[in-house]
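The values are calculated or read from the model by the stated rules, or taken from the named source; none is laboratory data. Here the structure is a predicted model, which means the values were calculated and not measured. For neighbour counting, all protein chains shown are included, and Cβ atoms are generated from backbone atoms with ideal geometry for every residue, glycine included. For the accessible areas, the whole protein counts, side chains as well, though only heavy atoms, and no ligand, DNA or RNA atoms are used. Shrake-Rupley method; radii C 1.70, N 1.55, O 1.52, S 1.80 Å.
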Amino acid sequence: MARAFLILHGIENRRPEGHWQRILAESLERRGEKVVYPQLSNPDAPDYGDWVNELRGHLAALGDGGERVAICHSMSCLLWLKCAGTGNGVVDRLLLVAPPGSAQLPPGGQDFRVDLPDGFDGDAVRASSRTPIRIACSDNDPYNPAGGGTMYAEAIGAEVDILAGAGHIAIDEGYGPWAAVDEWCSDPTTRLRPAGHQSGGIAR
């Protein structure tokens, strides 16, 4: 089956060399997959409305000819949670990596807050993916001390992989090459495990 992947970064991110998202995009492209890995506008202090419009355009660019997969990291997870159900389309698979807590957002990201318990429409988020959503998060994320799984999974019916000691799952924590996310792109039954590990993580 043909696949098309949309990879979305977070705040203060300029798709740096060595980041797992960039490495993943390059790996998928080498395999002949369609990849949309955009630089979203004004990453240090993004405008929510601008990012929503950009998201719609990038989802449209995936086309409709095969499996559509979205992979969000950090604040783009909140973008998806907040705008799901507002005409942004549906994907076949959705992976949310290290979704932050609203209280930990830097000043430039305050428009993306999804304060609980009713900061987003859980049913709309569920409906934005044709298969169960997956969350990959760590047990020591400084941007979400409560844990991304604890904060969001029940509301959106997500499956969760907890990566021990992975922080915000970014370059500073060694993410870098991340074999498990590359494998998940080909096989959705793959459980997300820490970078550099052949097996591990705490799945539930």
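Numbers below:
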read-out	value
Largest-first ordering by accessible area, 1.4 Å probe, given options SER41, SER76	SER41, SER76
Average Cα contact separation per residue, segment 1-148, under 8 Å, 6 or more apart, as relative contact order %	24
For segment 176-182, Karplus couplings with θ = phi - 60° (6.51, -1.76, 1.60), whole Hz, Gly/Pro x	x, x, 9, 4, 5, 6, 5
Heavy-atom accessible area order for TYR48, TYR175, TYR143, largest first, 1.4 Å probe	TYR143, TYR48, TYR175
Near-label residues of segment 92-118 by backbone N, under 19 Å of a point 7 Å along Cα→Cβ of ASP50	106-113
Antiparallel bridges, percent of DSSP beta bridges restricted to the chain (to nearest 5)	10
Cα gyration tensor shape of the chain, rounded if a/c is under 1.5, else prolate or oblate by comparing a/b with b/c	rounded
Average accessible area per residue (Å²) across the chain - probe 1.4 Å, nucleic acids and ligands excluded	42
Gained length - SER186 relative to GLU12, 0.36 nm times residue gap less alpha-carbon distance	59.8 nm
Cα-based equivalent ellipsoid of segment 58-115: semi-axis lengths in Å, sorted from largest, via gyration tensor	24, 12, 9
Alpha-carbon Rg/Rh ratio, for segment 1-74, with Rh computed the Kirkwood way	0.97
Portion, in percent, of the accessible area of segment 53-204 that falls on carbon or sulfur, probe 1.4 Å	51
Distance histogram in 10 Å bins (all Cα pairs of segment 92-204, percent per bin)	14, 45, 34, 6
Alpha-carbon centroid distance for the pair segment 139-177 / segment 1-80, whole angstrom	19
